[in-house]
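Engineer: Below you'll find the structure I mean.
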Amino acid sequence: MPPPPVVLAYGIGVDSTALLVELVARGQKPDLVLSADTGVEKPATYAYLDVIRPWMDAHGIRHELVSYTPKRFKHWPPYYGLLEMCLTNATLPSKSLGGSSCSLKYKKAPQDAFLASWQPAKDAWARGQRVVRLIGYDAGPRDTLRANHALSIEDPLYDCRSPLREWGWDRDACVARIVAEGLPVPPKSACWLCIANRPEEIRELPRWCLRLIVLVEARAAPRLHTVEGLWRRSTKARPGRMTDFIRAEGLLPSREIDRIWRAAPRDLIRFQDVAAMVPVGERPTMQSWLERFNAGLMTRQT
């Protein structure tokens, strides 16, 4: 009986990149490298794909980038990705509301959907085997908590493993391995809307990301009763709303923040109302509205 296929869940961050490099060096190249695109990964993360994809190609590694695709839009303009979902439903990512469904819906689910139609996985399941899924949890204390939970879940389809932990590699070891390979070290992999972003990471974001953060919080504000914003609640280190941090730090002019907060949500609601009257096949997409917003057309309204 052939061995089950091995799939690396590649988050395009430090740990999973070090894992990929070392697996290849040990002659244990995965059969597939699979990444999920939420649509709001940091710009530096997308840029790193231009570095690591040629490296994978040179080593004969198949890499697939998948994403969650909604199938039913009801009366909404068609939307795709986490940002457009938040704007459509006037909400925040699940983690900001105390949940975790954004990771399940936009990362795990599209990978599972791809593997459900991947022939090597289907063949393995037909043989009664489980697909080996490699996850880049390192041996540091932070990832230990995450790994203890994730790897304890029994899955009839997947045998989840964390080789970095088996090797005793912490984050510093991962960084050193990437440097030794001659590759640049990738940035921290995270959505720029994520509650996990620290203040210094928000300072590093480009202006267009900051404007969209303000837009998301402004759109969701009327429906928020138990949290303040993307950072949930204020602490001594930072406010609950990223918008307040962006304003206090002068990352965007206050007048621009005020225009977004005042005009953009109203314009978006009008756009949704008009779109609802159009047959779904002819309906303008949320992306078309965002293109106008990014061009500055929304924020000049009074």
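Engineer: I'm checking my understanding of the structure. Among residues of region 159-177 that are within 22 Å of the chain's Cα centre (by Cα) and either in the same structural domain as Leu230 (by TED's automatic domain parsing) or of a type in the set (D, E, K, R) (or both), which one is farthest from Pro30 (Cα to Cα)?
Structural biologist: The residue in question is Arg171.
Engineer: OK, next. Would you call Leu32 touching a strand residue (DSSP E or B) at 6+ places or on another chain (Cβ under 9 Å), crowded, with 24+ Cβ neighbours inside 10 Å and within 23 Å of Lys105 (Cα to Cα)?
Structural biologist: Numbers: touching a strand residue (DSSP E or B) at 6+ places or on another chain (Cβ under 9 Å): yes; crowded, with 24+ Cβ neighbours inside 10 Å: no; within 23 Å of Lys105 (Cα to Cα): yes.
Considered against the rule, which asks whether it is touching a strand residue (DSSP E or B) at 6+ places or on another chain (Cβ under 9 Å), crowded, with 24+ Cβ neighbours inside 10 Å and within 23 Å of Lys105 (Cα to Cα), Leu32 comes out as no.
Engineer: So if I check each of Ala150, Ala139, Ala196, which one is farther than 27 Å from Arg232 by Cβ, within 23 Å of the chain's Cα centre (by Cα), among the small types (Gly, Ala, Ser) and modelled with pLDDT under 95?
Structural biologist: Details: Ala150 fails: farther than 27 Å from Arg232 by Cβ; Ala196 fails: farther than 27 Å from Arg232 by Cβ.
Answer to the check: Ala139.
Engineer: What's the number of the condition Pro77 fails, among (1) modelled with pLDDT of 95 or more; (2) outside any helix (DSSP H, G or I)?
Structural biologist: Failed condition: (1).
Engineer: What number of residues within region 221-258 satisfy the criterion of being closer than 16 Å to Cys194 by Cα and among the hydroxyl-bearing types (Ser, Thr, Tyr)?
Structural biologist: Number of matching residues: 2.
Engineer: Determine whether Ala263 is hydrophobic (A, V, I, L, M, F, W, C) and surrounded by 13 or more Cβ atoms within 10 Å (Cβ to Cβ). Walk me through it before giving the result.
Structural biologist: Values: hydrophobic (A, V, I, L, M, F, W, C): yes; surrounded by 13 or more Cβ atoms within 10 Å (Cβ to Cβ): yes.
Yes: the conditions hold for Ala263.
Engineer: Is region 7-15 home to any residue that is under 24 Å from Gln129 (Cα atoms), modelled with pLDDT of 95 or more, of a type in the set (Gly, Ala, Ser) and assigned to a loop (DSSP other than H, G, I, E, B)? If you could, list the steps in order and put the result at the bottom.
Structural biologist: Taking region 7-15 as the starting set, the residues that turn out to be under 24 Å from Gln129 (Cα atoms) are 7-10.
Next, only the ones that are modelled with pLDDT of 95 or more stay: 7-10.
With of a type in the set (Gly, Ala, Ser) added as a condition, the list becomes 9.
Narrowing the set further to residues that are assigned to a loop (DSSP other than H, G, I, E, B) leaves none.
No, region 7-15 contains no residue that is under 24 Å from Gln129 (Cα atoms), modelled with pLDDT of 95 or more, of a type in the set (Gly, Ala, Ser) and assigned to a loop (DSSP other than H, G, I, E, B).
Engineer: If you check Trp169 against the conditions, is it crowded, with 20+ Cβ neighbours inside 10 Å and closer than 20 Å to Glu22 by Cβ?
Structural biologist: Working: crowded, with 20+ Cβ neighbours inside 10 Å: yes; closer than 20 Å to Glu22 by Cβ: yes.
So Trp169 fits the description; yes.
Engineer: Ok, one more. Does at least one position in region 196-217 carry a residue that is without any contact (Cβ under 8 Å) to a residue 12 or more places away in the chain and part of a helix (DSSP H, G or I)?
Structural biologist: yes
Engineer: Scan region 242-298 for residues that are in a loop (DSSP other than H, G, I, E, B) and aliphatic (A, V, I, L, M) and jot them down. Break it down into steps so the answer makes sense when it comes.
Structural biologist: Taking region 242-298 as the starting set, the residues that turn out to be in a loop (DSSP other than H, G, I, E, B) are 250-253, 276-279, 283-285, 295-298.
Once the filter is applied, which keeps residues that are in a loop (DSSP other than H, G, I, E, B) and aliphatic (A, V, I, L, M), region 242-298 yields Leu251, Leu252, Ala276, Met277, Val278, Ala295, Leu297, Met298.
The values are calculated or read from the model by the stated rules, or taken from the named source; none is laboratory data. Source: prediction; values computed, not measured. Note that we place each Cβ from the backbone using ideal geometry, even for glycine, and neighbour counts take in every protein chain shown.
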